[in-house]
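Here is the structure we will look at, set down as structure tokens.
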Amino acid sequence: MDEELLELFLRRMALSEDVAAAKEAQGLPISNRAREREILARVTEKAGEKERYAYQLFTTLFHLSRARQAELTGAPTQVEAQVRASLAAGADVFPQTGLVACQGMEGANSQAACDKLLPRGTVVYVKSFEAVASAVESGLCAFGVLPIENSSNGSVRAVYDLLQRRRLSIVRGARLCIRHELLGLPGAKAAELTEIYSHPQAIGQCGRFLDSLSGVRVIPCDNTATAAKLVAEGKNPHAAALSSHACAELYGLSVLNGDVQDSDNNYTRFICIAKNPAIYAGSNRISLIIACDNKPGALYDILSKPAALGVNMTKLESCPVTGRNFEFIFFIELEASVKDPAVLPMLEEMERGCQSFHFLGSYAEV
């Protein structure tokens, strides 16, 4: 029976190729949803109590058929040009040196990510995520490192906003285990604190501990290293910082409490951005920003394409479009290599079905 199914499937795909040629000759679009609905109505009626399985089977067949037709007839897409240029610009080994922009200062988690991504790189410290992007866009730095997501506190929306507005490419990623500690001046007592400094992400990752305190003001600052430095220079025994053990050593502070974060499984993902796109050997993650029509089934039509090919989606997050009522863009991450022969046609078909399609890059995460 499997042999018969395979033979019928191959015959159906061959007919689909003939249909593609006819559509191209007549200038017709690949997608014909009215025809698909007719077929679905017929087969589900005939399938009886197994109608939902028949529906799923034929929906998958339609996706595969459209993907093959798009391969044969589709006009050149932007993502195809981007991927081919990025592959040509890449190399077998990711660079180990170069100027890299980093928000913060010595001891910040972003600095640790820089060391992991470019072990022999020269770090240039800047004040904001925006400044990291500007340093890369202007050519001052070859690379920039930004935090993009934390396992406890979610996405860093400011960075996703930057990726929307700036034409930068992700060329590498890193995942770091983050451990926060409550740091104060030598001799300070945790019970006598009146203010705690830290970065908003760290504050969110230590929410339960902070909620247990009373009469303590929590003050956001640029990053956890800045918080430690403020406490060290302020000489206030009633002030503390949520920061790292490395910063305790760096700024001469004492650990007042080493167990303050909500979860021991606390990881932050960092991305390495570059002005010119490049795909290096071993890249197996793809990041996209898309927008689709605001109508029923539009997002499903996009997401069903990787699903039909068995491509795993590791992230899907919506973000409101500024200035538009209830319109959203979507951040998507896929586990796939653009060197897989099926992946680039899949991306092309996704692009053709989207209002906007931004290929952020294909990269490896270390």
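The values are calculated or read from the model by the stated rules, or taken from the named source; none is laboratory data. This structure is a prediction, so every number in the text was calculated from the model and none was measured. Methodologically, a virtual Cβ is constructed for each residue, glycine included, from the backbone with ideal geometry; neighbour enumeration extends over all protein chains shown.
A few points about this structure:
- The lone exception for T59 - which of (1) buried (at least 19 other Cβ atoms within 10 Å of the Cβ); (2) in a helix (DSSP H, G or I); (3) modelled with pLDDT under 90 it fails: (1)
- Residue pairs whose Cβ atoms lie under 6 Å apart, separated by 6 or more positions or on different chains, with the first residue in the range 290-301 and closer than 25 Å to R165 by Cα and the second of a type in the set (S, T, Y), are A291/S356.
- One residue alone among R165, R179, R157 is free of Cβ contacts under 8 Å to residues at least 24 places away in the same chain and out of contact with any Phe, Trp or Tyr (no Cβ under 7 Å at 6 or more places or on another chain), and that residue is R165.
- Scanning the range 286-304 finds no residues that are modelled with pLDDT of 90 or more and aromatic (F, W, Y).
To keep it simple, each residue is scored yes or no on (1) hydroxyl-bearing (S, T, Y); (2) within 28 Å of the chain's Cα centre (by Cα).
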{"site": "D211", "(1), (2)": "no, no"}
{"site": "V216", "(1), (2)": "no, no"}
{"site": "P220", "(1), (2)": "no, yes"}
{"site": "T224", "(1), (2)": "yes, yes"}
{"site": "A227", "(1), (2)": "no, yes"}
{"site": "A239", "(1), (2)": "no, no"}
{"site": "L242", "(1), (2)": "no, yes"}
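- Residue within the range 356-366 that is among the small types (G, A, S) and over 21 Å from L163 (Cβ atoms) present: no
- The set of residues from the range 234-254 being outside any strand (DSSP E or B), of a type outside the set (A, V, I, L, M) and in contact (Cβ under 8 Å) with a residue 40 or more places away in the chain comprises K235, N236, P237, H238, S244, H245, C247, Y251, G252.
- Top-ranked residue in the range 69-82 [being assigned to a loop (DSSP other than H, G, I, E, B) and in contact with an Asp or Glu (Cβ under 7 Å, 6 or more places away or on another chain); ranked as surrounded by the fewest Cβ atoms within 10 Å (Cβ to Cβ)]: G74
- Qualifying residue in the range 280-290 (condition: within 20 Å of S169 (Cβ to Cβ), touching a Phe, Trp or Tyr at 6+ places or on another chain (Cβ under 6 Å) and among the polar types (S, T, N, Q)): yes
- For the range 210-230, residues that are part of a loop (DSSP other than H, G, I, E, B) and touching a Leu at 6+ places or on another chain (Cβ under 7 Å) total 2.
- Scanning the range 121-141 for residues that are of a type in the set (A, V, I, L, M), under 21 Å from V366 (Cβ atoms) and buried (at least 22 other Cβ atoms within 10 Å of the Cβ) returns V132, V136.
- Only one entry in A281, A274, A232 is more than 23 Å from V136 (Cα to Cα) and small (G, A, S), namely A232.
- Some residue of the range 263-280 being surrounded by fewer than 19 Cβ atoms within 10 Å (Cβ to Cβ) and farther than 30 Å from L316 by Cα: no
- Residue count for the range 308-337, restricted to those that are modelled with pLDDT of 95 or more and either in contact with a Ser or Thr (Cβ under 6 Å, 6 or more places away or on another chain) or in the same structural domain as L146 (by TED's automatic domain parsing) (or both): 2
- Restricting the first member to the range 38-62 and to residues that are charged (D, E, K, R), and the second to residues that are part of a helix (DSSP H, G or I), the beta-carbon pairs closer than 7 Å and six or more apart or on different chains are E51/T44.
- Single residue of the range 83-110 satisfying the filter (crowded, with 21+ Cβ neighbours inside 10 Å and of a type outside the set (A, V, I, L, M)) that is modelled with the lowest pLDDT: G104
- From the options S169, S138, S198, residue that is farther than 28 Å from L230 by Cα, of a type in the set (S, T, N, Q) and touching a Leu at 6+ places or on another chain (Cβ under 7 Å): S169
- In the range 307-319, the residues that are closer than 21 Å to P341 by Cα reach residues that are surrounded by fewer than 17 Cβ atoms within 10 Å (Cβ to Cβ) and among the β-branched types (V, I, T) with C-beta atoms within less than 6 angstrom, at least six apart or across chains, in these pairs: A308/T60.
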